[in-house]
Amino acid sequence: MLTRLEIDSELYLSVLDQNDAAALALYLNEKEIYDRTLQIPFPYSEADAHWFIAHCEQLQQAHGHVINWAIRLKTGELIGGIGFHCKNTVTPIAHRDEVGYWVAKPYWNKGIMSRVLPVVCAYGRDVRGLRRIEAPIYAWNIGSEKVLLKSGFRQEGYLCKSYFKNNTFHDAKIFALIY
């Protein structure tokens, strides 16, 4: 089973393990990351990190391949995460899925996700057999929109009041990459 993906000389992807809990708690305990994501809690604790890591291990066992990746510097430091949500899978293999990602705030605006996302999408195509990868984002998240467009995704729609978070409805844009 493939458990490491090389991005370039500065970055690679690997599976999460329980030793990553402190880094996850440090970086995900950031209000601006919480604001841009739907399922990451705030505040984010080490208990949340341990739960998520165990959840990722369960998904990997159930599907027979990695679903969620840690984004790491060449030193091994965890600086982000990316993975599939398994929203459209009745069986371990399906033709479409949804991708989600985050990068630690000190690493924003460095082109990291624009280098990582295409590699993970190719993995989804080649290993998981995906032919459609969806990426819904909050309509105001211009940074994520730029990453998606640069990675070959195309906007397919605008979803009014698609998400409900913090007692407020939020509009979204849906992007997709088709193989």
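The values are calculated or read from the model by the stated rules, or taken from the named source; none is laboratory data. Please read these numbers as outputs of a predicted model, since none were measured by experiment. With ideal geometry, Cβ positions are generated from the backbone for all residues, glycine too; neighbour counts draw on all protein chains shown.
Tell me which residues, restricted to the stretch 151-179, are among the basic types (K, R) and touching a Pro at 6+ places or on another chain (Cβ under 9 Å).
K173
The residues on offer are R115, R132, R125, and the sole one that is surrounded by fewer than 19 Cβ atoms within 10 Å (Cβ to Cβ), in contact (Cβ under 8 Å) with a residue 40 or more places away in the chain and under 14 Å from the mean Cα position of the chain (by Cα) is R115. Taken over the stretch 1-20, the criterion of being surrounded by 12 or more Cβ atoms within 10 Å (Cβ to Cβ) and among the small types (G, A, S) is satisfied by S14 alone.
The set of residues in the stretch 144-179 that are exposed (fewer than 13 other Cβ atoms within 10 Å of the Cβ) and under 16 Å from the mean Cα position of the chain (by Cα) contains only K146. Please work out which residue is farthest from the chain's Cα centre (by Cα), limiting yourself to the stretch 35-91 and to residues that are of a type in the set (K, R) and surrounded by 13 or more Cβ atoms within 10 Å (Cβ to Cβ). Among those residues, the one meeting the criterion is R72.
Could we say that G100 is at pLDDT 95 or above and more than 24 Å from D171 (Cα to Cα) here? So G100 does not fit the description; no.
For the stretch 8-32, the set of residues classified as part of a loop (DSSP other than H, G, I, E, B) and either under 15 Å from G83 (Cβ atoms) or without any contact (Cβ under 8 Å) to a residue 24 or more places away in the chain (or both) consists of V15, L16, D17, N29, listed by residue number.
Looking across the stretch 21-48, just one residue is over 17 Å from I79 (Cβ atoms) and of a type in the set (K, R), and that is K31.
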